[in-house]
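Inspection log for the structure reproduced underneath, given as structure tokens.
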Amino acid sequence: MLAFVLRRLWQMLPTMAGVVLLVFLLFNWVGGDPAYILAGKMSDAEAIANIRRQLGVDQPYHVQLWIFVKQILTFDFGNSWATGESVAHIMATRLGPSLTVLIPLTILETGFGIALALAIAFVRGSLTDRAVMIACTVGMSISILVYIIVFQYGLAYKLGLFPVQGWGASLGENLLRYATLPILIGLAVSIAPTLRLYRSFVLDEVGQDYVRTARAKGLPERRIMWVHVLRNAAIPIITHVMANLPALLIGAFLLERFFGIPGIGREVILAVERSDFPVIKAITVYVAAATMIFNLLTDLLYQAVDPRVQLK
């Protein structure tokens, strides 16, 4: 196990190096000169030169690349060009609100998805199964913006069950008051594709030989589904959940923007609008690193779920 983890960490280095090089090239050659963005339209050549010197973009490319690498190694990307706030402080303060929405949403989505997929597998091929799949197709066809507007207008504005926008100071207040409606919207949007996907995972296992053998032995159908089938279907389910976690941090930007949640996704939108390159570069690198780490954790979870899986 230790040898596998060390080997995977070693294999991450060239991938991370490629990500760093790609981000550096995009922001330095394609992104334009940040001095012109910060100086504004009415600036003169001297002001632009001073800004370039302060940012270090007047240095040769190999020096700038080394500075970027040092920023990654020290977790210090400098200050935001738009607000002057430390990028490290921005990341630390924005991560909590995102996780307050992300963690409950992921738990509820996975739990409901598994339970409903197993329940539908009991009545596979029936009218109920077809009706649920049609409802899932309809639900997947509706834009998340429609869900946000309808839920926000109906439940928050008209009925007053939830605040329309805002964010509090404590975890309990945010989780029970401000994050509840965004979590419900996220669950309503994600449950349809999740149910369809998990149903296919479960049905793939239902047709296997070990299921027929278990039935021939007289095992109850409920035990077959919840123990044997679920255990084998857990591997693709884990893959789906772990692969989506890094993307959810950024993908929830619409929820964070509409509900005023000061999370990572909202920060990405603001950074793009302000051309705040230090924040964008930091988030890009961190998401790439998180993706590789979650891939490693996925492989470790495989063996925890099924010891027969050999890690190579």
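The values are calculated or read from the model by the stated rules, or taken from the named source; none is laboratory data. Remember, it's a predicted structure, so these values are computed and weren't measured experimentally. No Cβ is skipped: glycine too gets one built from the backbone with ideal geometry, and neighbour counts run over all protein chains shown. Accessible surface is based on the protein model in full, side chains and every heavy atom, while ligands, DNA and RNA are left aside. Shrake-Rupley method; radii C 1.70, N 1.55, O 1.52, S 1.80 Å.
Would you confirm, using the coordinates I've provided, whether R130 is out of contact with any strand residue (DSSP E or B) (no Cβ under 9 Å at 6 or more places or on another chain), crowded, with 19+ Cβ neighbours inside 10 Å, basic (K, R) and at pLDDT 90 or above?
Against the criterion (out of contact with any strand residue (DSSP E or B) (no Cβ under 9 Å at 6 or more places or on another chain), crowded, with 19+ Cβ neighbours inside 10 Å, basic (K, R) and at pLDDT 90 or above), R130 does not qualify.
State all residues of the stretch 115-135 that are of a type in the set (A, V, I, L, M, F, W, C), within 20 Å of W226 (Cα to Cα) and out of contact with any Phe, Trp or Tyr (no Cβ under 6 Å at 6 or more places or on another chain); if no residue qualifies, say none. Break it down into steps so the answer makes sense when it comes.
Of the stretch 115-135, the ones of a type in the set (A, V, I, L, M, F, W, C) are 115-123, 127, 131-135.
Going one step further and asking which of them are within 20 Å of W226 (Cα to Cα), we end up with 115-123.
Matches in the stretch 115-135: A115, L116, L118, A119, I120, A121, F122, V123.
Every residue in the stretch 159-184 that is buried (at least 18 other Cβ atoms within 10 Å of the Cβ) and small (G, A, S), please.
If the condition is that a residue be buried (at least 18 other Cβ atoms within 10 Å of the Cβ) and small (G, A, S), then A179 is the only one that fits.
Could you tell me which of the residues E85, E109 is without any contact (Cβ under 8 Å) to a residue 60 or more places away in the chain and within 25 Å of the chain's Cα centre (by Cα)?
Exactly one of E85, E109 is without any contact (Cβ under 8 Å) to a residue 60 or more places away in the chain and within 25 Å of the chain's Cα centre (by Cα), namely E85.
Pairs, please: C-beta under 9 Å, at least 6 apart or cross-chain, first residue of a type in the set (F, W, Y) and in the stretch 219-233, second at pLDDT below 85 and open to solvent by 60 Å² or more (accessible area, probe 1.4 Å)?
Once the first residue is of a type in the set (F, W, Y) and sits in the stretch 219-233, no partner that is at pLDDT below 85 and open to solvent by 60 Å² or more (accessible area, probe 1.4 Å) comes close enough.
Are there any pairs with C-beta distances below 6 angstrom linking a residue in the stretch 127-145 that is closer than 10 Å to R196 by Cβ to a residue that is open to solvent by less than 70 Å² (accessible area, probe 1.4 Å) and at pLDDT 90 or above, with the two at least 6 apart or on different chains, and if so which?
Hits for this filter: C136/A192; C136/L195; G139/A192; M140/A192; M140/P193.
Looking at (1) farther than 30 Å from M225 by Cβ; (2) surrounded by fewer than 19 Cβ atoms within 10 Å (Cβ to Cβ); (3) among the aliphatic types (A, V, I, L, M), find the lone condition where L187 falls short.
Every condition holds for L187 apart from (1).
Checking W10 against (1) open to solvent by less than 40 Å² (accessible area, probe 1.4 Å); (2) under 28 Å from the mean Cα position of the chain (by Cα); (3) not charged (D, E, K, R), which test does it fail?
(1)
Which condition number in (1) in contact with a Phe, Trp or Tyr (Cβ under 9 Å, 6 or more places away or on another chain); (2) free of Cβ contacts under 8 Å to residues at least 60 places away in the same chain; (3) at positive phi is the one that V268 fails?
Every condition holds for V268 apart from (3).
Looking only at the stretch 177-198, decide whether some residue is touching a Lys or Arg at 6+ places or on another chain (Cβ under 7 Å), at pLDDT 85 or above, more than 24 Å from N295 (Cβ to Cβ) and among the hydrophobic types (A, V, I, L, M, F, W, C).
no
Restricting to the stretch 48-90, count the residues that are surrounded by fewer than 12 Cβ atoms within 10 Å (Cβ to Cβ) and part of a loop (DSSP other than H, G, I, E, B).
Here the count works out to 2.
Sort through L116, L145 and tell me the only one that's at pLDDT 90 or above, out of contact with any His (no Cβ under 8 Å at 6 or more places or on another chain) and of a type outside the set (K, R).
Criteria check complete, one pass: L116.
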